[in-house]
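Since every read-out is calculated from the coordinates, none of them should be taken as a lab result. Note that the structure is a prediction, hence the values are computed from the model and not measured. Cβ atoms come from the backbone with ideal geometry, glycine included; neighbour counts cover every protein chain shown.
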Amino acid sequence: QVQLVESGGGLVQAGGSLRLSCAASGNIFSVSDMGWYRRAPGKQRELVAVITRAGIINYADSVKGRFTISRENAKNTVYLQMNSLKPEDTAVYYCTGDFNYGYRYWGQGTQVTVSS
């Protein structure tokens, strides 16, 4: 089993910044893609950003230029630096990763609330 634990969510004013972290632990012998999704109230879950083990990155159009994803492979950790936050970024943010040759795991989520 693999566990993903997110941290760093909270309440911030519009224009502010937050940094999310997600650390994976457990029986890990391979890690490929890691990333972040979010689910806003009344909406479907959507991709925010994903990063491959080699560092290739893909962002949702809505966050390009404001959010930065990064990872530390040695620590099985992925980060999401969120700048210039907007009220529409309010959501529960979920960390995810592909481990052990094809098994996808999810974190429990961390709430991000941006006030106007």
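Overview of results
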{"quantity": "Region 60-106 - charge dipole about Cα centre, Lys and Arg +1 at Cβ, Asp and Glu -1, debye rounded to 20", "calculated": "100 debye"}
{"quantity": "Highest-fluctuation residue, GLY97, GLY16, GLY35 considered, GNM on the chain with Cα pairs under 10 Å", "calculated": "GLY16"}
{"quantity": "Charged-residue dipole, Cβ positions (Lys, Arg, Asp, Glu), the chain about Cα centre, Debye nearest 20", "calculated": "60 debye"}
{"quantity": "Candidate lysines - alpha carbon under 28 Å from LYS86, same-chain residues fewer than 8 apart omitted", "calculated": "LYS43, LYS64"}
{"quantity": "Global form of region 11-63, assessed from the alpha-carbon gyration tensor, a/c cut-off 1.5", "calculated": "prolate"}
{"quantity": "Whole-angstrom Cα spans of the chain along principal axes, big to small", "calculated": "43, 24, 23"}
{"quantity": "Normalised contact order of the chain, rounded percent, pairs of Cα under 8 Å and 6 or more residues apart", "calculated": "37 percent"}
{"quantity": "Residue of ILE69, ILE57, ILE28 that the Gaussian network model of the chain assigns the largest fluctuation, springs spanning Cα pairs under 10 Å", "calculated": "ILE28"}
{"quantity": "Listed residues ASP61, ASP89, ASP98, most fluctuating in the chain (Gaussian network, C-alpha, under 10 Å)", "calculated": "ASP61"}
{"quantity": "Stretch gain in nm, segment SER116-ALA60, where the contour uses 0.36 nm per residue and the Cα spacing is subtracted", "calculated": "18.0 nm"}
